[in-house]
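Some notes on the structure that comes next.
The values are calculated or read from the model by the stated rules, or taken from the named source; none is laboratory data. In this text, all values refer to a predicted model and were calculated from it rather than measured experimentally. Quick reminder, even Gly has a Cβ in these numbers, built from the backbone with ideal geometry, and neighbours come from all protein chains shown.
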Amino acid sequence: MKKHWIRYVLGLVLLVGMLGHAAQVYRIGLIDRLDAIFYDARLRLTMPGGIDDRVVIVDIDEKSLAEQGRWPWGRDRLALLMDKLFDRYGIKVLGFDMVFAEPDVSSGIKALEAMAQRDLRDNPAFQDAFREMRPRLDYDARFAAALKNRPVILGYYLSNDENGQSSGVLPAPTFSPGSFAGKPIGFTRWQSYGANLPILQSAAAGAGHFNSIVDFDGISRRVPLLAEYQGAYYEALSLALVRVLQGFPPVVPGIADAGGTDYGGLEWLELPGLRDSLRIPVDEDVAALIPFRGSQGSFAYVSATDVLKDRVAVEKLQDRIVLIGTTAPGLMDMRATPVETVYPGVEVHANLIAGMLDGNVKHRPDYLLAADLLQVLVAGALMVFVLPLLSPLFATLLGITVVTILSGFNIALWNVGNLVLPFADVLALVLLLYVLNMSWGYFVESKIKRQFTELFGQYVPPELVDEMAKNPEGYSMAGRKEELTVLFSDIRGFTTISEGLQPDQLAALMNEYLGAMTEVVRKQRGTLDKYIGDAIMAFWGAPVVDPEHARHAVLTALEMQAALKTLNHDLQAKGWPELKIGVGINTGPMTVGDMGSSVRKAYTVMGDAVNLGSRLEGITKQYGVGIIVSDGTREKLGKGFILRELDRVRVKGKAEPVGIYEPLGIEGQIDSATLEQLKLWNDALQAYRTQDWDKAERLLLNLTRNRPHYLYDLYAKRINHCRLEPPGAGWDGVTTFETK
């Protein structure tokens, strides 16, 4: 854990930073933009598509302008359009996605009024004719008469233009000033408006604004269902139309249960019905997310001129919700939406009406703040504390798994609960933590690994370098005292061999020999200390701790002897001499570390235990064996090896005698004849040490008959010498060597 503390700290900084964004303590612009992109992507991927024929758009299109003349049309023609829609086609409800703020004087009524008041004021015939004609020429009155007693909702707009002048008259507010006093509700507030003529507004069933909220990226995703102007609250066009369909019920605000706190936010608007109530979720701005059905054309369009000329089938409009809008170039109310960058405003209202009726308006309630905080905290904490412990492969699998679970949970809330849970913050956090850990592993840990390779690579097998790089704090080149096992090997008669070969042949032979032996050392996790001419020095237990350092050293010696047999076969095929080696192994306390001078240093071992290992290698030829290990090594070996005790010796430079042994092999791999020979040898050695020369000699003779060995001849000569010069009663059986 300690070695990852920097990554933990950096990860926690990222986690805390993202928690602040999720808690809305501050906002990170890039995350908000990403969240908007993810919202739009989810919306487009889950749109139902197809055409919803419950809402029909009567379109003032190019065809209508070509046949009926340029816009604006006289309101007598709009009055005729009303009569056609309600009387001939039997529509259910009508909404205007346009505003009638100026009087219609296209009939010439203003000029006639001026004449009646000035030039022809005293002309009775003109006055009588004008009074008779006036009702037909007052197009606003005719339009108002067509609106009266019909379920028609007019449109108007709200503005925040500081220099804007209000025009027309607003409908009665949905909620009067002070209705939400003391409630922390973030209504959109507006400073002016452009509404309809009083005569039209008073005749219509109601009116609603057709404003939408443009987000920071210029995209319209929401419509404020209630907007505030001078303390009063006015409904949107879509909400007003749905209320007409429901029989004009009052709007019931859905105030969240504050649980004894001062929260009490507005989370939904409810429209009570005789059978079913409609509940429309709203956000902190009392706005509804637009439930887009698809791209432009998700609702039926009919040309206004076709309605005026009775060219539309009755069943296409009968009992439909109708919106009158325009898509003609130069007249279009176009908006940038998640669906298309150019999208008719009239179809925005159609989508919202259909969504309200179906109850599939998406919702971002305030309690999702807690859910967002929780997902950021859980996913972030998991990535912060687990990623540093994993390999790149498993770290990648963890990242993919976390992203998959988060994505599935998010989509499930979207599809099943109509809930919009933020996704960009937790996804960005997971990816940032993944990149942080992968980058740290690549740049920092790779550097550490390179440093370790430079320091230890020439001594330690690559797999041990990898292991050390995982915990660099646990390894040091500084000198320290440890119980280790050291191995020395040397080629017998190397001087004679070298004299019989050409320099290039000798170099090739040594390369093959040292390469084969070094491979065995590395296989058994040994640290290669150095080559001393034809000699090899290696040790076990440092820099990587190895509780079985003695066992690995002995296995190395046995495998070196086996590898030498294979190598000799190849050497003989080349006509080169056969090699024989002696190996000495000792286990004991020794100093290990980076030692040397300012000119050259090496990671090596020193001490009496090291010197003893070298001495043991030197006396292998004295006993005619390939390997000698000390009693210190034998004690650390434990079970599993068959060893033959050779002697107790006092080597040059040491006063204390040590027992020496020859490893014969691994238990279970030694044949019974060898085991029988070993038993006889142990008896002979015991008889020798008790000065029972006759018994010892007889046993050695039997051993020699079965399997001759230099060792048996050596002890037979020693017995002859002891008979000539008896060692005496205080003899300890130790052999002293005066040379190295």
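Side notes on the structure shown:
- Qualifying residue in the range 50-62 (condition: out of contact with any strand residue (DSSP E or B) (no Cβ under 8 Å at 6 or more places or on another chain) and either more than 30 Å from P151 (Cα to Cα) or buried (at least 17 other Cβ atoms within 10 Å of the Cβ) (or both)): no
- Selection of the range 320-338 for residues being modelled with pLDDT under 95 and closer than 14 Å to G95 by Cα yields G325, T326.
- Against the conditions (1) touching a Lys or Arg at 6+ places or on another chain (Cβ under 6 Å); (2) outside any helix (DSSP H, G or I), N351 satisfies every one except (2).
- Residue match in the range 189-203 (condition: buried (at least 21 other Cβ atoms within 10 Å of the Cβ), within 46 Å of the chain's Cα centre (by Cα) and not in a strand (DSSP E or B)): no
- Only residues that are farther than 24 Å from D35 by Cβ and either without any contact (Cβ under 8 Å) to a residue 24 or more places away in the chain or aliphatic (A, V, I, L, M) (or both) were counted in the range 372-386, giving 1.
- Among the residues of the range 139-186, those identified as in a strand (DSSP E or B) and either surrounded by fewer than 19 Cβ atoms within 10 Å (Cβ to Cβ) or not assigned by TED's automatic domain parsing to the domain that holds V346 (or both) are Y157, S159, S167, V169, F175.
- Among strands (runs of 3 or more DSSP E) entirely within the range 240-304, having at least 1 residues that are in contact with a Pro (Cβ under 6 Å, 6 or more places away or on another chain), modelled with pLDDT of 90 or more and assigned by TED's automatic domain parsing to the domain that holds K183 singles out 266-271, 287-289.
- Given (1) modelled with pLDDT of 95 or more; (2) of a type outside the set (D, E); (3) over 17 Å from G297 (Cα atoms), index of the condition V55 fails: (3)
- One residue stands out in the range 354-403 among those that are part of a loop (DSSP other than H, G, I, E, B) and among the charged types (D, E, K, R): the one that is farthest from G20 (Cα to Cα), namely K362.
- Checked against the criterion of being crowded, with 16+ Cβ neighbours inside 10 Å, part of a helix (DSSP H, G or I) and modelled with pLDDT of 95 or more, the range 85-100 contains one or more residues that satisfy it.
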